[in-house]
Amino acid sequence: MYWRKSVTLATALLIAVSTISVTFARSNAEETKGQRTAPIMEPLNIAVLIQDDLVSQVANEIGVTRKFIRSLPKGSRVMVGYITSGSLQVRQPFTTDLDKAAKSLRIPTASLGSSPFNPYVEVLEALRNFRGEWNNENAILLISDGLDVSRGFDSTAAGHTLDLDRAITEANKRRVAVFSFYAPSVGLTSHNRLAASYGQSSLNRISDSTGGKAYFQGTTGFVTFDSYFARLRETMNRQYARR
């Protein structure tokens with residue numbers, strides 16, 4: 001009888017401890033999730049640049065990109081542009097009307113005919129739209145495969161091309177941090193792992209050298225932007241928090 005009571009008590013205690021542990025784990029997970037999805041707290045001047053020849057799956061991410069723009073705090077300025085066949089198509093110049101900026105987003109063409117030789121010439125063009133008298137922090141969100149083939153496909157130039165270097169210099173001069181999301185294009189980076197690696201190397205360099213951050217997962221396939229935006233918000237809140 002005593003043995004049975006001891007087993008019953010031990011079992012009840014084990015169940016209680018397990019329940020507390022699960023509840024605590026769930027609480028921590030919910031808290032962490034809340035931190036990841038917290039909105040950006042400080043107003044920004046941000047240019048959202050999308051490479052026009054990215055794979056068709058990127059079309060599914062326009063909704064979450066609109067949501068990100070609309071979630072920015074009041075006083076933010078947003079510009080929307082598309083990097084396409086050697087030019088920057090500005091769909092929306094800088095505006096404080098966040099809904100108007102969000103609505104200006106369109107589905108990328110996902111066509112080889114829209115392929116730029118590299119995205120960094122257009123980054124340079126976008127940088128010229130930032131004004132020195134603005135008080136908010138400045139940022140670019142570059143959604144691109146990052147690959148520069150304007151001077152050939154050369155491993156020695158990966159991450160160190162002339163236009164990339166110029167974009168970094170100009171971004172630092174204007175105090176603009178470049179954050180980047182990697183997505184493959186319909187060209188080389190959709191089927192060539194080496195090309196994808198070169199592109200990611202370049203995105204990582206422009207982001208790291210300007211005070212931003214690059215987000216990518218692997219060199220094959222495509223992942224949604226949900227986790228990218230969650231990490232971007234977390235990074236910006238930590239980086240731009242007023243002291």
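Throughout, read-outs are computed from the coordinates displayed, never taken from laboratory work. No experiment lies behind these values; they were computed from the predicted model shown. Quick reminder, even Gly has a Cβ in these numbers, built from the backbone with ideal geometry, and neighbours come from all protein chains shown.
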Low-density loop positions, GluC sites (Glu not before Pro), the range 115-147 - DSSP coil, at most 13 other Cβ in 10 Å: E133
Final fewest-first order of R238, R166 on the 10 Å Cβ neighbour count is R238, R166
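Once fully extended, how much extra length lies between T95 and S56, figured as 0.36 nm per residue of separation less the alpha-carbon to alpha-carbon distance?
Gain on extension, T95 to S56, equals 11.3 nm.
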Would you mind computing, in nm to one decimal, how far apart the modelled labels at K74 and R151 are, each placed 7 Å from Cα along Cα→Cβ? 4.9 nm
What nm value, rounded to one decimal, do you get for the distance between R238 and K103 when each label is placed 7 Å out toward the C-beta? 3.7 nm
How high is the relative contact order of the range 71-212, in percent, counting Cα pairs under 8 Å that sit 6 or more residues apart? 23 percent
Spin-label pair S85/R175, simplified geometry with 7 Å Cα→Cβ offset, distance in nm: 3.9 nm
For a footprinting-style exposure proxy, rank T189, T96, T210, T109 by other Cβ within 10 Å, fewest first. T96, T109, T210, T189
